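Student: The structure follows.
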Amino acid sequence: MKKIKDFIKKNKKFIISICILLLGQSFMYWFLKLFQNNPIYIKYHLDNEIPFIGQFVYIYNAFYPFMLISLYLLYKKDEKAYYKAIISGTIGYLVCDVIFLLVPTIMYRDVVPSASQFTDLVIKITFFFDNPPLNCFPSIHCLFSFQVIYSYWSSKENIRNKIIVTVCALLIIISTLLVKQHYIFDVVSAFLICIITNLLEDLLGLYKRIKKKWNL
């Protein structure tokens, strides 16, 4: 118990900021579903060429542990890069929330081929907690994964860790397509929002302003 208290005390700013980013978006993701009517179906013909590979559901579900671990390590190594990631990520998910509300989208899942008994169970559980499959465009999984890549390559982290994080994030992005949670346009739009929000953060100097006001 003492170790937990010490960890919370030493990492209070990290815990508060990560809750704003991840828990805040998780709440908004489900809350907005209450107000969405007549969702549209966005699909590109190339999406039909992407196979369903059930085993990638494990990578897909590794998203939250990956985000927590990668952002915590970034926080310990380069606080400036971390807080810029939180600011850009927060702006990014707010942009996504506006899109979700104004242009709600939905996935139509075909009957998926069987993988293994356990993998099929994991897939069913994953789909159950994301039913109905609204708020697909843009992909939050992809947005935050792109954000981690961007932040690591903008940080003081060593090249080895940058490559490891990039590979893990790209696998998560690919998994969203291979388990039929998202379409190509969902991924592309997430990438564009990530780039634009980070450029906007730099242009407006939001980190410097927030750091001065909140003494980060």
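The values are calculated or read from the model by the stated rules, or taken from the named source; none is laboratory data. Fair warning: this is a prediction, and the values are worked out from it, not measured in the lab. SASA here: full protein model, heavy atoms, side chains in, ligands and nucleic acids out. Shrake-Rupley method; radii C 1.70, N 1.55, O 1.52, S 1.80 Å.
Student: Might you tell me the accessible area per residue for the chain, computed with a 1.4 Å probe and given in Å²? Working shown, then result.
Tutor: Numbers: 12260 Å² over 216 residues.
Counting only protein heavy atoms, the per-residue value for the chain is 57 Å².
Student: In vacuum, with every alpha carbon of the stretch 1-123 counted as one equal point scatterer, what does the Debye formula give for log10 I(q)/I(0) at q = 0.13, 0.16, 0.19, 0.20 Å⁻¹? Two decimals, please.
Tutor: -0.80, -1.05, -1.18, -1.20
Student: Follow-up. If a/c stays under 1.5 just call it rounded; otherwise compare a/b with b/c (prolate if a/b is bigger, oblate if not). Do that for the stretch 53-122, with a ≥ b ≥ c from the square roots of the Cα gyration tensor eigenvalues. Numbers along the way, then the final one.
Tutor: Values: a/c = 5.26, a/b = 1.42, b/c = 3.69.
Oblate.
Student: For the stretch 101-216, go through all pairs of different Cα atoms, get the mean of 1/r, take its inverse, and jot down that Kirkwood value in Å.
Tutor: On the way: mean 1/r = 0.0609 Å⁻¹.
Over the stretch 101-216, the inverse of the mean reciprocal pair distance is 16.4 Å.
Student: What's the percent breakdown of Cα-Cα distances in the chain across 10 Å bins, shortest bin first?
Tutor: Pair shares across the bins are 8, 32, 35, 20, 5, 0.
Student: Using a 1.4 Å probe on the protein heavy atoms, what percent of the accessible area of the chain belongs to carbon and sulfur? Before the final figure, lay out each step's value.
Tutor: Values: 8620 of 12260 Å².
Looking at the chain in its full context, I get 70 percent from C and S.
Student: Once every DSSP H run of n ≥ 4 in the chain is given -39500 (n - 2.57) and the sum is divided by its residues, what mean residue ellipticity at 222 nm do you get, rounded to the nearest 500 deg cm²/dmol?
Tutor: That calculation yields -21500 deg cm²/dmol at 222 nm.
Student: Connecting C-alpha atoms closer than 10 Å in a GNM of the chain, tell me which of A62, A169, A81 has the biggest fluctuation.
Tutor: In this elastic network of the chain, the residue with the biggest mean-square fluctuation among A62, A169, A81 is A62.
Student: Right, something else. So what J values fall out for the stretch 155-170 if you push phi through Karplus, 6.51 cos²θ - 1.76 cosθ + 1.60 with θ = phi - 60°, rounded to Hz, Gly and Pro as x?
Tutor: 9, 8, 4, 6, 4, 4, 5, 4, 5, 4, 5, 4, 4, 4, 5, 5
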